[in-house]
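A.B. asks: Let me begin by handing over the structure; questions about it come next.
The values are calculated or read from the model by the stated rules, or taken from the named source; none is laboratory data. Keep in mind that this is a model prediction, so the values were computed, not measured. So basically every Cβ, Gly included, is an ideal-geometry build from the backbone, and we count neighbours across all protein chains shown. The area values use the complete protein model at the heavy-atom level, side chains included, leaving out ligands, DNA and RNA. Shrake-Rupley method; radii C 1.70, N 1.55, O 1.52, S 1.80 Å.
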Amino acid sequence: MAAFNGRDFGFTEHGDPERILGSAVTASLFRVLGITPIAGRPLIGDDEHPGAAPVAVLSESFWARAFGRDPAVVGRSITLNGIRHEVVGIVPTTS
């Protein structure tokens, strides 16, 4: 079982804030849907624990548009809704 909640995020990295569509998801979502990251890792159970550092998994299309497919973005921090999140993975864009 897995859960997700589609929502907008404020992405602030390259100047003016940008609204992007994303989802808050449970760590099990990637396993349930059979999604394997193309870089980094999926979310893990430890990411969901109270007090865990905020993390993000980017879609391939957003990664390409915002970061020019730079693999070094994995491990970097980005700002979403005013909070720094470590990028832990990149997953293929699904249609």
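A.B. asks: Quote the accessible area belonging to residue 14 in square angstrom, nearest 10, computed with a 1.4 Å probe and with ligands, DNA and RNA left uncounted.
C.D. replies: 120
A.B. asks: Sticking with this one: Pick from 30, 67, 11: which is most flexible by mean-square fluctuation in a GNM of the chain where alpha carbon atoms under 10 Å apart are linked?
C.D. replies: The residue that fluctuates most here is 67.
A.B. asks: Figure the gain on full extension for residue 49 and residue 65 (residue separation times 0.36 nm, minus the Cα-Cα span) and round it to one decimal in nm.
C.D. replies: Computed gain between residue 49 and residue 65 is 2.7 nm.
A.B. asks: With every protein chain present, what is the per residue accessible area of the stretch 52-95 (1.4 Å probe, Å²)?
C.D. replies: Normalised by residue count, the accessible surface of the stretch 52-95 is 50 Å².
A.B. asks: Give the carbon-plus-sulfur fraction of the accessible surface of the chain in %, rounded to a whole number; probe 1.4 Å, heavy atoms of protein chains only.
C.D. replies: 55
A.B. asks: A follow-up question, please. Compute the orientation-averaged projected area for the chain from the convex hull of its Cα atoms and round it to one decimal in nm². Don't skip to the answer; put the middle values down first.
C.D. replies: Values: hull surface 24.1 nm².
Result: a mean projected hull area of 6.0 nm².
A.B. asks: While we're looking at this one, here's another question. Rounded to the nearest 0.05, what FRET efficiency is calculated for residue 24 and residue 72 with R0 set to 25 Å and r the Cβ-Cβ distance?
C.D. replies: E between residue 24 and residue 72, to the nearest 0.05, is 0.50.
A.B. asks: Further question: With just the Cα atoms of the stretch 40-95, tell me how far they stretch along each of the three principal axes, in Å, largest first.
C.D. replies: Each principal axis gives a Cα extent; for the stretch 40-95 these are 32, 23, 20 Å.
A.B. asks: How large is the dipole of the stretch 1-86 about the Cα centre if only Lys and Arg carry +1 and Asp and Glu carry -1, each at its Cβ, rounded to the nearest 20 debye?
C.D. replies: For this selection, approximately 140 debye.
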